[in-house]
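These notes are about the structure you will find just below.
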There are 2 protein chains.
Amino acid sequence: MLNSYSSEDKVLLSVDCIIFGFDNEGLKILLIKRDFEPERGKWSLMGGFLKKEESLNNAATRVLNHYTGLQNVYMEQLYAFSEVDRDPVDRTISVAYYALINIENHNTELIKNYDAEWFNISNMPKLIFDHDDMVAHAIRRLRYRTSTKPVGFELLPEKFTMRQLLELYEAILDKALDKRNFISKINSLDILVKLNEKDMLSSRKGSYLYMFDKEKYDAKSLNNFALNL
Amino acid sequence: MLNSYSSEDKVLLSVDCIIFGFDNEGLKILLIKRDFEPERGKWSLMGGFLKKEESLNNAATRVLNHYTGLQNVYMEQLYAFSEVDRDPVDRTISVAYYALINIENHNTELIKNYDAEWFNISNMPKLIFDHDDMVAHAIRRLRYRTSTKPVGFELLPEKFTMRQLLELYEAILDKALDKRNFISKINSLDILVKLNEKDMLSSRKGSYLYMFDKEKYDAKSLNNFALNL
DNA sequence: CCAAAAGTGTTGTGTTTACACCCATGG
DNA sequence: CCATGGGTGTAAACACAACACTTTTGG
């Protein structure tokens with residue numbers, strides 16, 4: 001009789017998503033007002049339970065899509081949170097994921113219906129359960145990941161200015177960066193294309209738009225792009 | 001009726017441990033010969049199921065202690081593996097942990113009884129299920145962690161020579177390091193104490209023994225010791 | 001013509017790498 | 001006395017950090 005591990009305990013597994021976005025006000029995360037007990041009305045990450053016939057990655061993707069309407073989003077598994085009393089209702093282990101989205105692309109209708117809201121990471125409400133820990137983890141991981149892989153572009157529109165890119169890195173790393181040094185480091189990586197097109201909204205002179213050149217980046221097959229900021 | 005999420009699926013959760021050790025032959029991991037079906041007789045990581053009343057960290061610690069007799073071991077959660085068909089017997093999500101132990105300290109009787117064996121990481125058998133992935137993950141994480149936190153010492157005896165430390169880093173990073181540069185980097189961190197005691201086994205001249213000075217390290221409260229090797 | 005942001009290089013400092021010889025000792 | 005590993009410093013190349021002025025143009 002070997003087709004089950006019959007005497008072992010089974011538990012609930014959930015995923016919780018830390019959804020990052022970026023705009024000219026800084027780095028933000030998307031939170032939802034919980035509409036069921038316990039902790040109804042408190043702010044929470046977006047989550048859901050793992051179904052028996054899906055992987056954790058699938059579950060995280062499903063949850064993200066459900067709340068934002070988005071697909072093909074950069075997501076990464078963070079950590080499994082498993083303190084026995086972390087959820088007062090039932091024993092639940094939660095695997096946290098973070099996602100990087102272009103804040104302009106998601107379905108604003110959808111998030112309004114869910115009572116969701118973007119919060120600046122420096123100005124966030126207290127969250128339920130251990131969700132604050134999850135967010136802290138996510139920010140640490142995002143800092144590491146952005147200095148190691150070109151994932152920052154996921155948070156920007158397809159075409160962006162150097163100023164936007166600079167401000168993105170400043171927001172993620174939470175420190176001021178030198179404009180000239182930053183630009184020459186980025187240029188030395190040789191993974192952007194400069195377009196013959198300017199963004200005229202931010203200044204009279206206008207500033208050039210750039211795009212991330214994924215082909216070029218992949219061709220280099222760096223396993224680590226070591227952006228030492 | 002709010003004291004359960006009653007309609008959600010429950011699943012089995014297990015932990016699997018990648019146990020690293022180091023000796024003069026290199027970096028090793030401890031594997032066990034599986035003694036039940038399926039895959040009886042194949043090599044496997046040491047694992048066990050999560051019990052309802054313990055956290056994942058507790059479960060990992062319990063499993064490690066069960067197989068090695070060790071306590072107070074450096075362990076870190078790696079990643080949750082959740083492909084639907086990863087375990088043919090039953091739907092099981094497994095959270096991988098890695099541990100760093102001083103290979104001389106564990107209970108050799110115990111591991112003999114369990115049909116366990118140390119394998120050099122460059123010379124490992126194929127493992128069951130997705131355990132090879134877990135090991136690959138663990139090695140990557142160990143590389144990152146050792147260049148960022150002083151965890152390498154967990155793999156060495158309390159007193160060790162510079163040569164041992166050098167060879168440890170060479171084994172972890174899988175590359176040759178320059179002896180003089182390595183020693184001056186380590187010394188510049190100022191976290192070792194040089195003892196008035198030599199190891200006379202490795203050479204006629206004898207080489208000085210060192211200890212990691214945790215107090216000194218903590219006092220500096222570096223959040224990252226940036227050993228750029 | 002002026003306010004506001006864009007764009008652009010150089011220099012000093014510190015870090016990293018490459019490299020080779022003498023020392024101490026047990027046998 | 002010699003074989004073996006232990007221990008030590010310097011110079012060149014490179015990467016990083018600090019720094020300020022000119023350009024453009026809409027209003």
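The values are calculated or read from the model by the stated rules, or taken from the named source; none is laboratory data. Note that this is a predicted model, so its numbers are computed, not measured. Don't worry about glycine lacking a Cβ; one is built from the backbone with ideal geometry, like all the others, and counts go over all protein chains shown. These area figures cover heavy atoms from the full protein model, side chains too; ligands, DNA and RNA do not enter into them. Shrake-Rupley method; radii C 1.70, N 1.55, O 1.52, S 1.80 Å.
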Before we go on, tell me the buried accessible area for the B/A pair, both chains summed, 1.4 Å probe, in Å² to the nearest 100.
3600 Å²
Axial C-alpha extent at least 15 Å, average Kyte-Doolittle at least 0.5 - helices from chain A (DSSP):
A:162-173
Accessible area (Å², 1.4 Å probe, nearest 10) - B:SER184
70 Å²
Relative to the isolated chain, which residues of region B:67-100 have their accessible area cut by 30 Å² or more in the presence of all protein chains (1.4 Å probe, heavy atoms, no ligands or nucleic acids)?
B:GLN77, B:TYR79, B:ALA80, B:SER82, B:VAL84, B:VAL89, B:ASP90, B:ARG91
Checking the a/c ratio against 1.5 first, then a/b against b/c, what shape does the Cα gyration tensor give for region B:12-146?
rounded
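Just the number please: accessible area per residue for chain B, 1.4 Å probe, all protein chains included, in Å².
That works out to 51 Å² for each residue.
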Quick one: how many Å² of B:PHE36 are accessible to a 1.4 Å probe, rounded to 10?
90 Å²
Suppose we keep just the DSSP beta bridges with both residues in the protein assembly as shown; what percent of those would be antiparallel, to 5?
75 percent
What are the nm distances, shortest first, from A:LEU189 to its equivalents in the other copies, labels at 7 Å along Cα→Cβ?
2.7
Given axes a ≥ b ≥ c from the Cα gyration tensor, I'd like to know whether chain B is rounded (a/c under 1.5), prolate (a/b larger than b/c) or oblate.
prolate
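What is region A:152-220 by shape, rounded, prolate or oblate, if you read a ≥ b ≥ c off the alpha carbon gyration tensor as root eigenvalues and call it rounded for a/c under 1.5, prolate for a/b larger than b/c, and oblate otherwise? Each step should come with its number before you reach the end.
Numbers: a/c = 1.58, a/b = 1.09, b/c = 1.45.
It is oblate, given that a/c is not under 1.5 and a/b is not larger than b/c.
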What the Cα atoms of region A:90-191 span along the principal axes, largest first and in whole Å, is 52, 29, 23
Between copies, how far does the label point of B:SER221 sit from its twins, in nm, shortest first, when each point is 7 Å from Cα along Cα→Cβ?
4.5
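In region A:12-146, how many lysine pairs have Cα atoms under 13 Å apart, counting only pairs 8 or more places apart or on different chains? Before the final figure, lay out each step's value.
Details: A:LYS33/A:LYS42; A:LYS33/A:LYS112; A:LYS33/A:LYS126; A:LYS42/A:LYS126.
Counting lysine pairs in region A:12-146 gives 4.
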Taking chain B as a Gaussian network, Cα atoms linked when under 10 Å apart, which of B:ASP130, B:ASP218, B:ASP174 shows the biggest mean-square fluctuation?
B:ASP218
What list of ³J(HN,Hα) couplings, whole Hz, do you get for region B:13-25 from phi and the Karplus terms 6.51, -1.76, 1.60, once you set θ to phi - 60° and write x for glycine and proline?
10, 10, 10, 10, 10, 9, 9, 9, x, 9, 9, 5, 8
For region B:28-182, with all protein chains present and a 1.4 Å probe, just round the carbon and sulfur fraction of the accessible area to a whole percent.
43 percent
Convert each backbone phi in region B:101-113 into a coupling constant with the Karplus relation 6.51 cos²θ - 1.76 cosθ + 1.60 (shift: θ = phi - 60°), then list the ³J(HN,Hα) values in order as whole Hz, x for Gly and Pro.
10, 7, 4, 7, 8, 7, 7, 5, 3, 3, 5, 5, 4
Taking a point 7 Å out from Cα toward Cβ as the label site, list the nm distances between A:ARG62 and the same residue in every other copy, smallest first.
2.8
Which value, in Å² and to the nearest 10, is the accessible area of A:TYR169 when all protein chains are kept and the probe is 1.4 Å?
10 Å²
Per residue convex hull volume, Cα only, the protein assembly as shown, in Å³ is 178 Å³
For chain B, with a Gaussian network of springs between Cα atoms less than 10 Å apart, report the residue from B:ARG141, B:ARG204, B:ARG40 with the top mean-square fluctuation.
B:ARG204
Between chains B and A there is a rotation axis; tell me the chain B residue with the nearest beta carbon and how many whole Å away it sits.
B:LYS10, 2
